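Novice: Would you mind keeping the following structure in view while I ask a few things?
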Amino acid sequence: METLAEVGAQLLSWQLLLAAFIGVAWGVVGGALPGISPSISMALLLPFTYALEPTPAIVLLAAVYVGAEYGGSIPAILIRTPGTNAAAATVIDGYEMNLQGKAGLALGISLYSGVIGSLFGLLVLMLLSEPLAKVALAFTPPAYFGLGVLGLSIVASLSGESLLKGFMACLLGLMVATIGTDPVTGGNRFTFGYPDLLGGVAPILIMVGLFALTELFAQAAIPGEGNRVRSSPRIRLPDWPLARRLIPSQLIGCVLGSFEGVTPGGGGTVAAFISYNEARRWSRHKEEFGKGSPEGVAAPETANNVVAETALVPLLSFGVPGSNSAAVLMGGFLIHGLLPGPMLFQRSADVVYGLYAGLFAASLFQLAVAFVILPTCIWLVNRPKPYLTAFIYALVFSGVYSINHSLFDLGVVLIAGVVGLFMRLLRFPILPTVLGVVLGFMIESNYRRSLVLSGDSHMIFLTDPIALGLLIFSAIVVLGSLARHVYDRNRKPAGPAAAVKEG
């Protein structure tokens, strides 16, 4: 109760509320621009925090994180371009809803679920910081390897009609993830003499290419406006029946987002994909997933917004940043002479309480900011196809170029777009490739570190209880997906009836 009283008192500060509002507004805009990640959005504001008092400065940066995680869903839904890595899962059903003329509803579900996720994540941050941080510190390299394998285990569920094509697509992503510097020896791999590849291929470049440019290339083959359905330039929050239907998916997102958030290195991307898969597993409307399911938007959006709050648990309790964005926030603490960790609660408790209050205000300010920005975004999407296509190309290329000011990055995105177009023509699923790129480095680096620690003995994965549990659960997920594929194939009608159905 004392903590709640202190947080309530901090909410009376107009400087704190102004910092939270500005941070959310900038975060939403930054998250909506392809290539501008939450950490980059925060870093751009970092110099402006020098002149601020410690509490408003920390709140400003944290609010950017909250806003950017939500903002990433805007281009994911409207133009099939994830604004952030974590928004890649939202593309699956969010863009399908847009094609059906339900962009306003999809954005409303994303907003509604994002606010719920932010508030739940804040509650976890306030009440369970120390216990959850202890769980996060218990993760060893074998456990991180198991976590990465668990993320890849959902490939079987995302493979569509052909498991073989799904695993081949995932293998392509894992191959891309090996480009760059060896995580153990430091040697160069598959760089072909290009210095730009020494740091590897950024997942956001592959995502933008596979999602956005592939869609643009495919749309170029459709004359005129095609079958595009115009969306109403108005946000629609879900009504009570739909909101009640979304509750299980949001609960899944809250639980998995909390677990991933307090695990350094887990991140919103893994949480979003696993939440999407589990929401589909437990949904009564499985057939709608991939075709514009509201639950397919609610689950990943809830999860990545929970992560935006719970990723601060290890930072505040132990001084260990759990993500790139948390590392930038740690820089904000250090600028003002504050050292995150156990002593922070004793020496600067007012800053911690101010951060809680600012995160609460930021979660609610998402509603106000979204209702101002989103109608304009929907209006832009409804413009004639030539103008819209030119705008999207300009947005994508300017966003990608702004990451490293590199023409090489533009080439990577174009190559990914061409590869994605061929994958679509050959009916290869794209999502397994994205998962392979995102999780490849985590899996390889922790696998090899584990072998170094064990003297090349694979028994380390069986003796580590967390790793063993994650690997067993991964096997259960894969076997369950395989069984469902076999069951669905056996249920399909054969002969002329099947041909009529497929036609």
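Novice: Once you put a point 7 Å from the Cα of Arg234 and another 7 Å from the Cα of Ser402, both along the Cβ direction, what distance in nm separates them?
Specialist: 3.1 nm
Novice: Another question, if that's okay. Expressed as cubic angstrom per residue, what is the convex hull volume of the alpha carbon set of the chain? Before the final figure, lay out each step's value.
Specialist: On the way: hull volume 78.5 nm³, N = 503.
Here the figure is 156 Å³ per residue.
Novice: Have a look at Pro300, Leu388, Val477 and report the one farthest towards the positive end of the charge dipole of the chain, computed about the Cα centre with Cβ charges (Lys/Arg +1, Asp/Glu -1).
Specialist: Result: Leu388.
Novice: Would you mind calculating the gained length between Ile476 and Trp282 on full extension (0.36 nm times residue separation, minus the Cα-Cα distance), in nm to one decimal?
Specialist: Numbers: separation 194, 0.36 × 194 = 69.84 nm, distance 1.50 nm.
Separation in residues times 0.36 nm, less the Cα-Cα distance, equals 68.3 nm.
Novice: Once neighbouring chains are kept in place and the probe is 1.4 Å, which whole percent of the accessible area of the chain is contributed by carbon and sulfur? Mind showing how you got there, number by number?
Specialist: Values: 14720 of 21440 Å².
Carbon plus sulfur share of accessible area: 69 percent.
Novice: May I ask you to list the chymotrypsin sites (Phe, Trp or Tyr not before Pro) in segment 41-128 that are in a DSSP loop and have at most 11 other Cβ atoms within 10 Å of their Cβ? If you can, show how the numbers build up before the last one.
Specialist: On the way: sites: Phe48, Tyr50, Tyr65, Tyr70, Tyr95, Tyr112, Phe120; in loops: Tyr50.
Filter output for segment 41-128: Tyr50.
Novice: Compute the distance in nm between two label points, each set 7 Å from the Cα along the Cα-to-Cβ direction, one at Asn188 and one at His458.
Specialist: Result: 3.3 nm between the two label points.
Novice: I've got another one for you. Rolling a 1.4 angstrom probe over the protein heavy atoms, how many square angstrom per residue are accessible across the chain?
Specialist: Details: 21440 Å² over 503 residues.
On a per-residue basis, the chain sits at 43 Å².
The values are calculated or read from the model by the stated rules, or taken from the named source; none is laboratory data. Everything numeric here is computed off the predicted structure, so don't read it as measured data. Every residue, glycine as well, gets a Cβ built from its backbone with ideal geometry; the counts of neighbours run over all protein chains shown. Ligands, DNA and RNA are excluded from the accessible area calculation, which covers all protein heavy atoms including side chains. Shrake-Rupley method; radii C 1.70, N 1.55, O 1.52, S 1.80 Å.
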